[in-house]
């Protein structure tokens, strides 16, 4: 049996509900309401969390810092766009390394 990618959905907007229903029909995903998933799995997080940008979860930076492998996908249905946020850390030992990171040298 193939491993399903866990996808959490945050919020109960019509947009998110429709996306969740659509994804539940895909065999490669296990879709769950974020609040329900956290209660059932002892606070573990899915690999991906979808949310409506109009009702973004609070403290996104804290969430990414606590779970650096998490990918957040915000949906903006009015503009037909998504915003993808992911955590990542670099250990910097100098201001020059920060400049390189800003210029893109450390991120590829």
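Readers should treat all values here as calculations from the given coordinates under stated rules, not as data from a laboratory. Since we're looking at a predicted model, the values are computed, not measured. All Cβ positions, glycine included, derive from the backbone under ideal geometry; neighbour counts span all protein chains shown.
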Report summary line: The correct count of residues that are exposed (fewer than 13 other Cβ atoms within 10 Å of the Cβ) and either farther than 21 Å from residue 23 by Cβ or in contact with a strand residue (DSSP E or B) (Cβ under 9 Å, 6 or more places away or on another chain) (or both) in region 50-78 is 8
Report summary line: Checked region 77-91 for anything without any contact (Cβ under 8 Å) to a residue 24 or more places away in the chain and either in a strand (DSSP E or B) or in contact with a helix residue (DSSP H, G or I) (Cβ under 7 Å, 6 or more places away or on another chain) (or both); matches are 81, 82, 84, 86, 87, 90
